[in-house]
Amino acid sequence: MRAAAVLLALALAFGPPARAADPAAPGGEAAAAELRSAIEALNAAEGSRERVAALTRTIQAYENGLGVLRDTLRRAKAREAAIETSFEAGRDRIGQLLGVLAMMERDPAPLLLLHPDGPLGTARSGMILASVTPALQAEAETLRGQLEELKRLRALQSDVTATLQRGLDAAQAARAALSQAIQDRTDLPRRFLEDPEELKALVASADSLDALAAGLSAMETDIGAPMGDFEGARGTLPLPVHGALLRRAGEADAAGIRRPGVLIATRPGALVTAPWSATIRYRGPLLDYGNVMIVEPASGYLLVLAGLGTVFGETGDVLEAGAPLGLMGGGGPGGADAAGPVEEGGGAERTETLYMELRQGKEPVDPAPWFTDTRED
């Protein structure tokens, strides 16, 4: 693992253009290019709507880049631990090797002539030494290489840690800017507006997420969901948040409870986006689910997202695919990354969970077939 190459792969993702990515940091070059493109779009954005879209791309690029940085840091730590374990396991052998090398360096060759067995002993010892010396030198070169690698790894970790902290700060600033841009946005189309009193009564009477979603599906709307072949989008949608599938639909949790949706593990402050163009049907707190966002991607369908820390937009807003829906909680003001020790893995791990449910009519259906990345870590 080369410090300079790995840093070019991702440390430079937050600055100048990067060169070819090192295999030790897969995805680094793509993350750097993605961020540069997003920042260019942000600089060229005119109006709050364009700025919201550009900031959304920028935050997603930061999240992808921070993921590569964290992976780079983990790889460096794992390699460092392997080298140190190797040193520990061969401590006695390494000590003997260093002792022999030191003796060979200290004792001049003519002293071999003083072998107690005379000329024959001297000849034999010379032959033995001639056969052993290359092996000793090779082992010494291996040891020297490992020590140099260890030095580079420690420098790499220091550089990546500093870059990661800058990235976390930049992502936090981008999230705050996004929240402000959404507040300033006035040009978002609205297809319908539910009766606020009817919606309030529904929320107040709902004793579960299922009850709220079922009630919303039965409410009348002025126009309805955006046009689009949502059925035809099966297997093509991105997950609404950068993370990994923690539990599939119908799988029991630790308490034995089975739910019809999927659970996604993600990081504090992660950005949640609309996987398909949709109309907001409800956004806000509900019971102990945290903030809930319910959007209508197509007539007869509702996508339910629960567990957000912050939600954006208003009921009736029409959102394009990829539009920001909110931020995960757990990260302090503005949904910033949790203040975990950066040096221990690059900031917060996947300590937040987003529950996602898809409903057709009043019945839930497994959402997994609609999404491209439903792997489990």
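Sorted largest first by accessible area at a 1.4 angstrom probe radius, with every protein chain in place, the residues Ser299, Ser277, Ser158 fall in the order Ser299, Ser158, Ser277.
Averaged over residues, the count of other Cβ atoms within 10 Å places the peptides 250-258, 44-52 in the sequence 44-52, 250-258, highest first.
In this view, the solvent-accessible surface of Ile39, computed with a 1.4 Å probe and all protein chains in place, comes to about 60 Å².
The accessible area of Met293, taken with all protein chains in place and a 1.4 Å probe, comes to roughly 0 Å². Within a straight-line Cα-Cα reach of under 16 Å, Lys77 can be paired with the following lysines, leaving aside sequence neighbours fewer than 8 residues apart in one chain: Lys151. Listed by chain and number, the lysines whose C-alpha is less than 26 Å from the C-alpha of Lys200, apart from same-chain residues fewer than 8 away, are Lys362.
Extension gain for Ser299 to Asp253 (0.36 nm times residue separation, less C-alpha to C-alpha distance): 13.4 nm. Remark: the Arg234-Ser37 segment gains 68.1 nm on full extension, using 0.36 nm per residue and subtracting the alpha carbon distance.
The values are calculated or read from the model by the stated rules, or taken from the named source; none is laboratory data. What you are looking at is a predicted structure, and each value in this text was computed from that prediction instead of being measured. No Cβ is skipped: glycine too gets one built from the backbone with ideal geometry, and neighbour counts run over all protein chains shown. These accessible areas exclude ligands, DNA and RNA; they are computed on the full protein's heavy atoms, side chains included. Shrake-Rupley method; radii C 1.70, N 1.55, O 1.52, S 1.80 Å.
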